[in-house]
Structures are given as structure tokens and as C-alpha cells.
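Just so it is clear, none of the values below were taken in a lab; they were calculated from the coordinates. All figures in this text were calculated on a predicted structure; none of them were measured in a lab. As a convention, Cβ positions derive from the backbone with ideal geometry for all residues, glycine included, and neighbour counts pool all protein chains shown.
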Amino acid sequence: MDVMRKIKTVLTLIGGVLNKAVSFIVFCILDLLDFILCFVYKVVDFCIEAEWKPCYCSSAKEAITSSGKILVSEKGESKIVCLTSSKLQLEDISDTLYSRPSLVTEVSKLTVNELKKLKLDGTIIQSSEKMKKGTVRSTFTINSTIVEMLQGKMVGQQLHPIPRWSDCDCTLCNSWTSSSKDTLYVKAEGPKDKAREDVLFIHGFISSSAFWTETLFPNFSSTAKSTYRLLAVDLLGFGKSPKPTDSLYTLREHVDMIEKSVLEAYKVKSFHIVAHSLGCILALAIAVKHPGSIKSLTLLAPPYHPVPMGEPATQYVMRRIAPRRVWPVMAFCSSIGFWYEHISRTVCLLVCKNHRLWEFLTKLITRNRIRTFLLEGFFCHTHNAAWHTLHNIICGTASKLDRYLDAVRDGLKCDVTIFHGKDDEVIPLECSYNVQRRIPRARVKVVENKDHITIVVGRQKAFARELEEIWKRSTSD
């Protein structure tokens, strides 16, 4: 047994070293490829649309201000200022949008830092102390551009065409452009006037309301359908909802649109929330904002990674989720999505723009309806929406989640239930237990042999019954 254990340890060590070595080579190549694609897209954008799309690898200021917003700095954190007709709004963006050093850059910085340490003298120490003291002070720096805007000197920039050449132009993806309403798509089922309570369903990343309406909605009991009004929403930038090219898809934008499209439009007063993956972050933000209205909170695979003291929250979470490794496969896919703006745009160009072809081939080969609606939800988004939502919601809220969870623990009396598939390779099981440590009353249910998707798909009948029991218990409390 000892020999086998030693062999296993050695093989694990060798595998880890090989993974790191291969990953270094692969991601160096991807760094170069993304650099080349940056120029390729600038040329193509200019040829087709008479202007190129600003990107974060060249200038964060250019990429953000092109959407009519101003990049500022407050206490070392990145924020943007939005001008509305009545007020200035300050909201957070994630610095991971424009601060993603390549492997080559990291090695170069490490080498330089080591050389500096060797040559460290009293003068450098003194200057370093001054710099450290300077960074501690609260600062608020605004680019002169904001002054020009306030003085009315800045001419409003023309929006990019909708859809852009690299986005899908089909009726489904652009159905929102024909509507005069500036609201999200909401699928509502149940009694309109006699509903005792409402239930808000929030899907995860690159998904849609169909994740709920095609699985759970048909499987709720007649009693539930006559008692609760079921409201499933397509998030901003996904499904049939608007996909504005000038949006940065921040937490505030997502939450505001849900409030406007669901809570206000349907006059929701008391409601339950069911959220999956990235949607759990939005669910927590809404719950904290409406503490007296929440009856129950059901979270599926919440992406909560506690940040150690002293670590930059956004960067820490990005590296936890996207560690720049070729193995496991999900880590590689996440790394592509987080680290490479232009490679991920290429993926959207090949996959999302041509989704009708992929859906046709899927129907032809598998004739599987479940996979078809999942593909529709996966394909129906733009790169701009996916890129900004991924960084601003997953990474950008890293420093806020502790406060949200504490607020739910101390300020809300609602039932909190967490479901997680034991075989989930997208969001590790430890994330749900991390939430439970923050909210001790939360119940964690681990579902055997289920992953990030099959936690619902494939067990929709059982999950529908579980939700009804949660709602019933919360209503009677």
C-alpha cells in the first residue's frame, strides 16, 4: 500500500509539472495570437464599419470612454462615471477588464523585481515608503474629459451599428430592436391577479430564461401554478433581452434592469428567488436591496470564492476561476473566456453568429429537444455582453459578496437553500460550503452524479417538487 501511495504521489507530481510546462507554452502562444487578433479586428472593423472597436489590451480609457462613460479612480479601485439626464452615477467595473498580464509579462516583471531586490539601497527604501504612504491616502481622480462633458463641450459619440458585423443578425437574437420598450424579456406564467406570491428565476452565464421555462415550468404542480406567479427573465445582453453595444454590463445595470422589467412592471411585492451560477450574485444583490420582500432564497452552484486578507479581490477571483492551465478542460475554457478578449470574440464569431447552423446540425444528429434549447440559450448573446458580464459580475463583485452574505445573514429572515451537483466542474462544491459558513442557517444539498447543468436538466420533476416544498415552508413560517 505504501509503495502504491508513493507511486501515485510521484505520478501526481510529474503530472502537475507537465501541466504547468505545457500550459506555459500554450498560453504564450495564445498571448501572441490574441495580440495579432487585436490588430486584425481593428482593420476589419474599420473596413466594414468605418471605425474600429476600442479594446482593453490597448487602452482601458479608450475602451470605456467609447461607451459614453468616464474611467475614474477612487481609493485604488476602478469606477466609471455615468451621466444621466438628472444625476451623475458612480459604479464599479472590474480591473480584470484591462489588467490581465501575459505569462511573458509576468516572468519579465518577476525578473525585474528580483534584480531590484538585489540592488535595494536606502534611497529606494525611502522612496518606496513614500509611495506606500501615498497609496494609502484616499484619492479621487477624474480625467479632464468629465469636465468637458459637464461643460457641454464633448460631442456625443455615435453608437456602433446594431447588430455589429461580428454579431448574429437573426430575428431571435435581435427581436429586442423592434420593440419600443427598453426592458428585459420576461416569461410569466401563473395567475395574474390572484397570485399569493411571485417567484423570480435568474439564469446563469451565457444562458437564458429557457433554462427554467423548458424544464421546471411544465413540471410544477397545478397547485403551485395557481398559487405562484412564475417570472423567468433573460438577463441584459442574453436571450431575447436587449444587447446594447454601449453598455458595460455592470452589476448596477443588471440589477436596475431586473427591477424595472420584473419588480416594477409586474408590481411584485413579496417574492421568492431561484438563481443559478452567476445569477446567484444578482440574486444576492437584489435580496440585499429588497430585504423586506424576500420570502426565500434558493441558490444553485453559487460562485463564491472568499478572498484572503491583503489579496486584490478581482485578480484573486479571476485566477481562481481561470488559472491559465490546459488541464482540466474547464479550467482551460475559463482561461480563454477570462484572459483573451480577441480570442473569445473569435469564438463568438464562429459559434454565436452561426448558431442557426449549429442548432440545425444538433437537431439533425441528436434530435434532442433538451440540448436544442440549451444551445439556443448558449448562443444567443454578443461578445460585448458576455465579456463585460463575466468580468464585472464574477470578478467585479468579489469585494462585495462578503457584505451581501453578511446582510442576508443578519438582515433577512428568509429561508436560504443551496443546491450543488457533486460532479460540478464549473463551480467547485466548496463554493456552496463557503456560503454556508457565512450564512450558518443556509441548508446545502449536494446532488450525487449531477453537474453544473444536470443539477436541473434531467431532474426537473424532482427539483420542481423540492422548490414547491421550500416555498410552502417559507410561506407558512
Can you list residues whose amide H is under 5 Å from Val447's amide H, if they're 5+ apart or on another chain and H is modeled 1.01 Å from N?
His420, Gly421, Lys422
Applying the Karplus parametrisation 6.51 cos²θ - 1.76 cosθ + 1.60 with θ = phi - 60° to the phi angles of the range 355-361, what ³J(HN,Hα) value in whole Hz is obtained for each residue in order, glycine and proline being reported as x?
5, 5, 5, 5, 5, 5, 5
Explain nothing, just compute: Karplus ³J(HN,Hα) = 6.51 cos²θ - 1.76 cosθ + 1.60, θ = phi - 60°, for every residue of the range 403-410 in order, whole Hz, x for Gly and Pro.
5, 4, 5, 5, 5, 5, 5, 9
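DSSP beta bridges in the range 164-476, what fraction antiparallel, as a percent rounded to 5? Don't jump to the answer; show the numbers that get you there.
Numbers: 5 of 32 bridges.
If we restrict to bridges inside the range 164-476, about 15 percent are antiparallel.
Packing-wise, with mean Cβ within 10 Å as the measure, how do 223-231, 392-400, 171-179, 322-330 rank, highest first? List each step's numbers first, then the result.
Working: 223-231: 18.9, 392-400: 23.1, 171-179: 13.9, 322-330: 16.6.
So the peptides 223-231, 392-400, 171-179, 322-330, ranked by packing, come out 392-400, 223-231, 322-330, 171-179.
For the range 221-284, what class follows from the C-alpha gyration tensor (a ≥ b ≥ c being the square roots of its eigenvalues): rounded when a/c is under 1.5, otherwise prolate if a/b is larger than b/c, else oblate? Mind showing how you got there, number by number?
On the way: a/c = 2.07, a/b = 1.93, b/c = 1.07.
Here the range 221-284 falls in the prolate category.
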The long-range amide H neighbours of Leu300, using H built 1.01 Å from N in the peptide plane and a cut-off of under 5 Å, are Ala275, His276, Ser277, Phe419
Roughly how many Å is it from the Cα centre of the range 207-257 to that of the range 376-436, as a whole number?
16
Using Cα pairs closer than 8 Å and at least 6 residues apart in sequence, work out the relative contact order for the range 380-477, in percent.
26
